[in-house]
Amino acid sequence: MRASPEKAKAFTVEIGRLRVISDSHREKQHTKITSWVDNHILPDGTMGKAIAMVLPTRACKYARAKHGGCSFCTLPSDNPLNPSDEDLKRIPDNAERMFVEKSKKYSDQILAVKFYTSGSFLDPWELPIEVREEILRRFSKKVREIVIETRCEYVIKKHLDSVKKVIDPSRVIVAIGQETMNDEINKRSNNKGHTVKQFERAVRLLKQYGFRVKGYILLKPIFVSEKLAKDDAIFSAKQMIMLGVDGISINPCYIGKWTLMEMLFKRGGYSPPWLWTVLDVTIAIKRLGKDIIVISDPVAAGKDRGPRNCGKCDNSIKESLKKFSGSQNLKYLEGIDCVCRNIYENTLIAETFSSGQGIFGYNGH
């Protein structure tokens, strides 16, 4: 079943309305860099740490569009609404200071740095080209690997040439939030704004240049059942691996403020995925290829607005997923059990019988 043109328009109008509310809560200007330390593993098996930073750029241009951007995303609210050119030019200095401060505790364990912009690192509107190049130039001397994020439309030769001239592409992971390899789900649930074909083109071009690629998979978007979410995540991972991605990040949905997902959640029309679904999907995807680095570190795990189970096993599963992500060893995910596992299995069956798989109807893609 496909949404009518009227319903499709209402969908984007509502997302746009909520984005206006979200933007009204953004600071006009700030230079704060949010940062944290993750466990990290390199392709050769070296384990250590990565420093992640959210850079105070203008954030996602797609989210500023009339249709409001992605239905689930609250990330731009962390960024300034209108940073000055001078503020943007200070980002390399501020990021370097943050890196030095965070590194003190970990000595020589820091292997990588992850730069998040709540949008696209390769979009010159968000991050001017000269600022982007300066960041990469400085940090190429400090770490073995750099992770950046971008939407598909900014994966063009001009931007890749800009990156390549300051750092060896093999040391850069370009992460793309494709979310699913099902165009209907991306259009009707996520309002993502790009297609599977665009993702395929971006991956091919990145691989031609020698970059490494990570695909993001969104687990359980709105209007999709738990069973379909599980099946689609595994299917999407298979397709991404066939394209040649080097890593996959499983991102279970959590309820962000001022989003359509939050509105449905408050009305009882949506709930985040079970942690059993996260666990099962992570194991299944890792088994697709031992050389694929699979990351699964769910935000707000065990909380009302995040993926959760009964409460008794939530923290142990969360910690097991964290240990797995930093080691790629499935032993951390095997043998986990709880009395709520049977409830979960029965819920999947009952959900499918009572309301189907979601408005799309799973047909094996």
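This model, with +1 at the C-beta of Lys and Arg and -1 at the C-beta of Asp and Glu, gives the stretch 22-147 a dipole about its Cα centre of some 140 debye.
Oblate is the label for the stretch 1-115, because the ratio a/c of its alpha-carbon gyration tensor axes (a ≥ b ≥ c) is 1.5 or higher and a/b is not greater than b/c. If the viscosity is 0.890 mPa s and the temperature 25 °C, what Stokes-Einstein diffusion coefficient in µm²/s follows for the stretch 187-252 when Rh is the Kirkwood radius over Cα pairs? D, rounded to a whole number, is 194 µm²/s. Note on the stretch 77-181: Kirkwood hydrodynamic radius from all Cα pairs is 14.6 Å, rounded to one decimal.
Here W276, W36, W258 are placed in order of increasing Cβ neighbour count within 10 Å, fewest first, which gives W36, W258, W276. Of the residues T117, T277, T31, the one that moves most in a GNM of the chain with alpha-carbon contacts below 10 Å is T31. Derived value for the stretch 296-356: Kirkwood hydrodynamic radius 12.8 Å. Basis is the mean of 1/r over every pair of different alpha-carbon atoms. Taking other C-beta atoms within 10 Å as the exposure proxy, E200, E149 rank E200, E149 from fewest upward.
The simple Förster model, with R0 at 35 Å and r as the Cβ-Cβ distance, assigns D23 and R97 a FRET efficiency of 0.75.
With K and R counted +1 and D and E -1, the other residues having a Cβ less than 14 Å from that of D304 yield a net charge of +3. Remark: relative contact order (the stretch 5-355) = 15 percent; criterion is Cα-Cα distance under 8 angstrom and separation of 6 or more residues. Label-to-label distance, H30 versus I156, with points set 7 angstrom from Cα along the beta-carbon direction: 3.2 nm. Counting Lys and Arg as +1 and Asp and Glu as -1 over every other residue whose Cβ lies under 12 Å from the Cβ of I293, the net charge comes to 0.
With the convex hull constructed from alpha-carbon coordinates only, the stretch 151-205 shows a mean projected area of 3.8 nm² over all directions.
Legend note: in the chain, cysteines whose Cβ sits 4.7 Å or more from every other cysteine Cβ are C60, C152, C253. Restricting the trypsin sites (Lys or Arg not before Pro) of the stretch 132-188 to loop positions (DSSP other than H, G, I, E, B) with no more than 16 neighbouring Cβ atoms within 10 Å leaves K141, K142, R144, K165. In this structure, the pairs whose alpha-carbon distance is over 31 Å, taken from K114/K286; K7/K312; K105/K141; K227/K266; K220/K290; K105/K157, are K7/K312; K105/K157. Taken over the stretch 5-355, the percentage of Cα pairs per 20 Å bin, counting from 0 up to the bin with the maximum distance, is 30, 61, 9. The slack between K165 and D291, meaning 0.36 nm per residue of separation minus the straight C-alpha distance, is 42.6 nm. Residues W274, W125, ranked from the fewest to the most other C-beta atoms within 10 Å, line up as W125, W274. Entry note, the chain: the mean residue ellipticity at 222 nm calculated from DSSP H runs of n ≥ 4, each adding -39500 (n - 2.57), is -12000 deg cm²/dmol after division by the residues and rounding to the nearest 500. Subtracting the Cα-Cα distance of D108 and D44 from 0.36 nm times their residue separation leaves 21.3 nm of extension gain. If only the Cβ of Lys and Arg carry +1 and only the Cβ of Asp and Glu carry -1, the dipole of the stretch 5-355 around its Cα centre is close to 320 debye.
Looking at the chain alone, DSSP beta bridges between its own residues are antiparallel in about 20 percent of cases.
Bear in mind these aren't lab numbers, they're just calculated from the coordinates by the rules spelled out. No experiment lies behind these values; they were computed from the predicted model shown. Neighbour counts run over all protein chains shown; Cβ positions are idealised from the backbone, glycine included.
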